[in-house]
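Read the structure below first, then the notes.
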Amino acid sequence: MAQPKHVDKLGIRPPVEDVLEWFRSAGFTEEIVGESIQKRNLILFHQTIQPKRRSSSSTKSDGNDAAPTPNNNTRKTILFMSLVHGNEPLGLINLLQTAEALTAHRAQNLFSLALKEGEELLLLFFPIVNVDAYALNQKFSQSEEMGGCRRTNLNHTCSSSSINATTACPELTDDGVDLNRNFPLDWDDSSFERGEAGDDNDDGVHCTYGYAGYQPFSEPETRAIQGVVEKYSPIDASISYHSRANSNQGLLIHPFAIDVYHEYKSKDSKLRIQQFGESMNPKKGFNFWGGREYFPDVYVVGNAKNAIHYTARGTALDWLYTKGNVSTPFVHESGTPCDRRWCSSRHEQIVKNNARIYAEAGVTLVELVLDVKHPRSHFISVFLASLVIIVSVFIAFHGNNPLLRLLRKRLNASWNGTGRQCFGRRYSSPQRNVEMKPLIL
């Protein structure tokens, strides 16, 4: 099998076929899970990781001791999705970087060691949910000022609109269904934004870029997600990758996105979600070997009201948690280095650098689900603690030396993080070159 090209080589708005070919070349199994409005295949990729067989000198095999067969209760399943909105390729880039990190030899070996006999890890990737809109945006991306205008799917819902979605791509295309409002929990076809007509029975509702569809799961793309979740249930965790329009602050949003009070499944479930979210957010520290700092608050973590400061009904996030049997779902909102979701080529390097950072959230989520143990972490923590004590005593007697003052500053910086963060695979914080602005997702 040919080695897959590095995802950096795909660019920041990769064509649909290039994305599909990357997953094929990376050894993923391909599964058609539906068909879009324009009859394109909706494709899911999956990969299974088995535990390493552990030999024991105290027992002898009789040749019939086959490993236990995994079942739904022993399988660890994690779902990654992107491009629910067709104008958010930054989310796709983050998903691709996550997939590449999870298929690296070191990661796969670590996961295999963490799995017990009879368990397996199933990674599911649904990279291009809204394939029609993304393909349309690709068609008009030659003009970068016009690129990325289509958010909704290509269902023609606005009868009074003169827009032909296959031949025109205006800045705001008020047609189609917002797939992230088409799920059953607290679904409301007028919940997001209303057109000028303002009557529930006319095109005032249907001619908006936040139209939720005529009923839950009315769209083939959302039915494909429903089918995947039901087929592979229960699912331990999920991330749906999105991107922000005009803010550089990343977000990790967990249930709930709606403005109606709902109970968590249990206190333990709520605590697990909150702890996972905080663990996926890098803490401040200093990388001795890399010689660079990474900063806190790569993400704001919380429910929609606290993280993004608005709420929405009928979202995939809330349905996955309450009805879809997904224990720990997240929405990953990446910040943008430009002033829109469809960045121009001059931002390409920043987008790629940031995607490597954002991929850490997905890798950490898998490690949390598997309860991966890093054997070096304890040793490094003890080593750093001992080193700080020794150096602190030394500095106490030679505190005026400029070189030692510099060393003390570096040690203090490193001590703000854990041993794993100081020596593990952590990157600098996302690059930010635009002023923070409010946004509408």
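With only Cα atoms counted, region 1-50 has Rg and Dmax values of 12.3, 38 Å. Note on Arg106 and Ser344: their simple-model spin labels are 3.7 nm apart, each label 7 Å out from Cα toward Cβ. Distance cut-off 25 Å, Cα to Cα: go down the list Lys39/Lys231; Lys76/Lys265; Lys116/Lys231; Lys323/Lys352 and report the pairs above it. Cα-Cα > 25 Å for Lys323/Lys352; rest within. Remark: region 314-325, residue by residue, has Karplus-estimated 3J(HN,Hα) of x, 8, 4, 3, 6, 5, 4, 6, 7, 10, x, 6 Hz, where x stands for each Gly or Pro and the curve is 6.51 cos²θ - 1.76 cosθ + 1.60 at θ = phi - 60°.
Only the coordinates and a few stated rules stand behind these numbers; no lab work does. Since we're looking at a predicted model, the values are computed, not measured. No Cβ is skipped: glycine too gets one built from the backbone with ideal geometry, and neighbour counts run over all protein chains shown.
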